[in-house]
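Every number here is computed from the coordinates shown, using simple stated rules; none is lab data. The structure presented is a predicted model; accordingly, all values stated were derived computationally and were not measured. All Cβ positions, even for glycine, are placed from backbone atoms using ideal geometry, and neighbour counts span all protein chains on display.
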Amino acid sequence: MKPSLLVILVGSHLSALGAGWWCLGKRGPAPINIPASALATKSERSPRLERRVSTADLLAAYRDPKLRDEAAKRRFAELSQGELPRDVAPSAAKSSEQRAAEIADIAAALQKEVETLDAGKRSDYKLAKALIVRWMKEDPAACAAWLGQVKMRVAWHDLWAAFAETLAPTELIKLMDHGWLQRNREMALRASMQHMGKTSPADLPAALALLDAKAVNSYLDEAYLYARVEDAVVWLQLASGDIRRLQLLGNRWISGPGLDWKWEGDQLVPSNPWDQNWLEKAEAALAAVTGTPAEEIFRKKLEYQLRESEKGRELARVALEPADALVDLYLQRGEDEAEARRKASADIWEKYRDGLSDWQRESWEQDLRLSLAGQRELEDVLIGRLDSIGTELPEVLQEVTRGSAWRDAMLVDSVVTLEVARQTGRMEEVVKSATALVRQVDTSLSAQADILLALAAQGLWEQTSDPSESDNRSMLPKVAFFAAGYLRDDPEAARLWISRLPSSLSQFVKEVAR
Amino acid sequence: MKAGTLCLLLVSHVGLLLAGGWLAGESRKEPARVASAPALVVLKAPVRATEETLGNPILRATAADFRAVWDESIASPQGGSEELFNDWCAVDPDGAFQALGRLPASKSNEDYLRAARMYHGADVAPAFVKHWRKLQRMPEDMVRFHLAGCVNELAKKDPETAGALFGSLPPRMREGGYVCLFSRQDSATIEQLLKGMPSLPPDATEEKQALWKGVAEALDTAGAQRGLWEWMAEADDTVARRVLVTEGMKKAGRNEDWAGFFDAVERMDATARAEVRDLVRQATSATDYRPEALSAISAECQRHGFDDWLEGHGAKKQLKE
């Protein structure tokens, strides 16, 4: 080959390489494009105004247990780090001296918590927990040694939970075997079992193999308390032949809403969201044990739960109907008439005592949210609520339920609320609710001001200039007194408020101010 | 040139062309990661932007995304969601807190504030301070408690800013919040916090009392005994001194240790000491100190040459007898 040809060949190959670099490198798969803002701290991250995720996708993500779990884990991870005091916050690179100093700081901070408790003060459990997690990451043996000798305190369960979450269970048990947890071995084992029960029952056999039979017997139940039906196979295998532990699993997996039901629109649903699909869960558990000795245990459990929840459902239904229906229910169960009546009224009393002011609360709150968002008129929403109270609730319960509706509505728009009360002829009732709200120390000053302004506009908040002539009827604050407080708290809003008062009142305020 | 050679040349050129493209892609990935590294060093919590997390819409969502979903979810029967609010706070506390202002009164409202304080504390403090008035449908005590709690968290990082933020609240909000604000802060942080706050007008006695009670309570933790008495000795405001002395006496009584208390009194000037004398007289005659405590106080008084401090008390006791 001629040298000139060689030069041409080398040159052309090099230029091919260069051309590839230049052209394909740009167009090729872009490097993970993470905007700097996504990596910055929460406070550094400026709000992004453009859309990145569609509303449907994000809503779906919040319904997806896996994605929610991932988000929750990250929130928690950020939280555990965020709680560390500045002096022990992890730094990117640190020397062994720095590390030793940090560990000393953590130990000192924990010791301070102990002293705080000993002095009869409240301890910061969140902080203590974060310190344990951090220490376990840096030096598990030293942390376990400290935890192993410390005198146990009430409510220090969190510390042990933190401890158990940081290392694999078998590693934790090895730590204990090194004698680093002698005094508090029990707490450590308990926490570790609970953690395994919650997250990784598959790790249990290996961990149990490291323990003596006595320890297994004493602490294994802790793990069962957290058994998830999704891991049924592992659990049933572990408990096979052990009736008591199978009972534990049955209790945990077959648990219905019992008496806790509520109305959602015109449907009765379990009040606890956890119970929404209890039957599905229970049936899955039953299916998992079919053909095994546990089947009988699980089936009985399910029958009992079905009966209980039927009773609860019926109770919730008849709570809104004549009590006779409930009495009938007891009669059908063989109670005599007197006993049935007594039980029925006890049940109703209990149900009502829970607060019928909360009656159909969810849909009422939804309506209020919609009216705050401008999607529905408060007037319609409120009239609808008053109507259903009038037609669906026993008379004796109507006033208290209306009272709470007035208060809620008043906080959304007091002018409209008063107008609805005027239209429906319930002025006295609404003034009572308004007065209660204004007098309540917890009501925000601006809400009080709004309500007072609305009352004043209707001539329901009048002041006499004669201080001896106090207005006992309304129990509302004196206008000058209220204005002074409002001016101190929020001068700008207060001045606007004064200018909007009926002239007699604003004149009065100005005179007093002078 | 033979066809075979031509083919070989073509293949080798195309190969190198592709290799160049690949190399360029690789080398660009690196700087991208390195460039964002400094931000990670100061992170409160490193955000693991792996492809896995980026696949999760919740972790990718922007302020605008959260707002849209929030608007949709408050129209549903369940209403907003604490989780959603919590995630929104991480990217846009301002927007999230404004959204809370559009909720009616409800028992579940506290869940939002609690989550914000617990998960974001310091990070949401400025937004919380800015928008708390919009939460007018929520119980004020509850709002105050969580607001002061967030500023308390901020104070652990940047006490002066926290002091200024808290100072920007109106008196009604501040007064009940001091205990929360100072809770568990150390002496140096409290000093910085106070430095950040605008000074109170001389006639704001009640607020000053609340403030110094909060300070005393924070200082009065185990191992901080000296802290409280040092602050007492150095107080240059009558109200502050009155509160710190009262709390100091409670502490000395509880711990049966009066030496530190009277050592601090000795370091005060004559006017301040006269005030303390009156307070000690009042306290010893009004409070049921046990005889041992009274004799301990009396011994300390004598040691410091405050011989006449308990005279009034003695006279009263005798009269009673």
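Observations, loosely collected:
- Equivalent ellipsoid, the stretch A:358-453 (semi-axes from 5 times Cα gyration tensor eigenvalues, Å): 20, 16, 13
- Three principal axis extents of the stretch A:377-514 based on alpha-carbon atoms, in descending order, are 54, 31, 26 Å.
- Tensor-based shape of the stretch A:157-258 (alpha-carbon gyration tensor, a/c under 1.5 rounded, otherwise prolate or oblate): prolate
- Across the stretch B:155-312, the volume of the C-alpha convex hull divided among the residues equals 112 Å³ per residue.
- Fully extending the segment from A:E379 to A:K478, taken as 0.36 nm per residue of separation minus the present Cα-Cα distance, adds 32.7 nm.
- Spacing of the two label points (7 Å from each Cα toward its C-beta) at B:K250 and A:T170, in nm: 5.5
- Shielding of peptide B:120-128 by partners, expressed as the average count of other chain Cβ atoms within 10 Å per residue Cβ, is 3.
- The phi-based Karplus calculation (6.51 cos²θ - 1.76 cosθ + 1.60; θ = phi - 60°) puts the 3J(HN,Hα) values of the stretch B:134-146 at 6, 8, 5, 8, 9, x, 5, 4, 5, 4, 5, 4, 6 Hz, whole numbers, x for Gly and Pro.
- Mean projected area (nm²) of the alpha-carbon convex hull when the stretch B:99-151 is viewed from all directions: 3.1
- Our analysis of the stretch A:230-291 gives Rg over Rh at 1.10, with the two radii drawn from alpha carbon positions and Rh computed by the Kirkwood formula.
- Extending 7 Å from the Cα toward the beta-carbon at both A:D177 and A:D324 defines two label points whose distance is 7.3 nm.
- Cα→Cβ-extended label distance, 7 Å offset, between A:R514 and A:A457, nm: 2.8
- Near-label residues of the stretch A:432-461 by backbone N, under 19 Å of a point 7 Å along Cα→Cβ of A:S504: A:452-461
- Within the shell of other residues whose beta carbon sits under 10 angstrom from the beta carbon of A:A227, the net charge comes to +2, with Lys and Arg scored +1 and Asp and Glu -1.
- Computed extension length for A:E428-A:N251: 58.5 nm, one decimal, from 0.36 nm per residue of separation with the Cα-Cα distance subtracted.
- Within the shell defined by Cβ-Cβ distances under 9 Å, the residues around B:G79 carry a net charge of -1, with Lys and Arg each +1 and Asp and Glu each -1.
- All C-alpha pair distances within the stretch B:165-217, sorted into 10 Å bins from zero, spread as 25, 64, 11 percent across the bins.
- Taking all C-alpha pairs of the stretch B:124-243, those more than 20 Å from each other amount to 38 percent.
- Label-reachable residues, the stretch A:273-293, where backbone N falls under 16 Å from a point 7 Å from A:Y304's Cα toward its Cβ: A:282, A:286
- Coordinate range along principal axes, alpha carbons of the stretch B:199-289, Å, largest first: 36, 28, 26
- Cα-based values for the stretch B:75-165, radius of gyration first and Dmax second, are 12.4, 43 Å.
- Pairs beyond 26 Å (Cα-Cα), from A:K66/B:K134; B:K107/B:K195; A:K66/B:K130; A:K129/A:K151: A:K66/B:K134; B:K107/B:K195; A:K66/B:K130
- Table column - 3J(HN,Hα) (Hz), the stretch A:362-368, Karplus curve with 6.51, -1.76, 1.60, x for Gly and Pro: 4, 6, 5, 5, 4, 4, 5
- Take each residue of peptide B:87-99, count the partner chain Cβ atoms within 10 Å of its Cβ, and average: the result is 3.
- The amide H of A:W461, built 1.01 Å from its N in the peptide plane, has A:A456 as neighbours under 5 Å, considering only residues 5 or more places off or on other chains.
- Over 13 Å [Cα-Cα, the stretch B:78-129], rounded percent: 50
- Sequence-distant residues sharing a close amide H with A:E264 (under 5 Å, placed H): A:V269
- Rg followed by Dmax, in Å, when the stretch A:167-323 is reduced to its Cα trace: 19.4, 68
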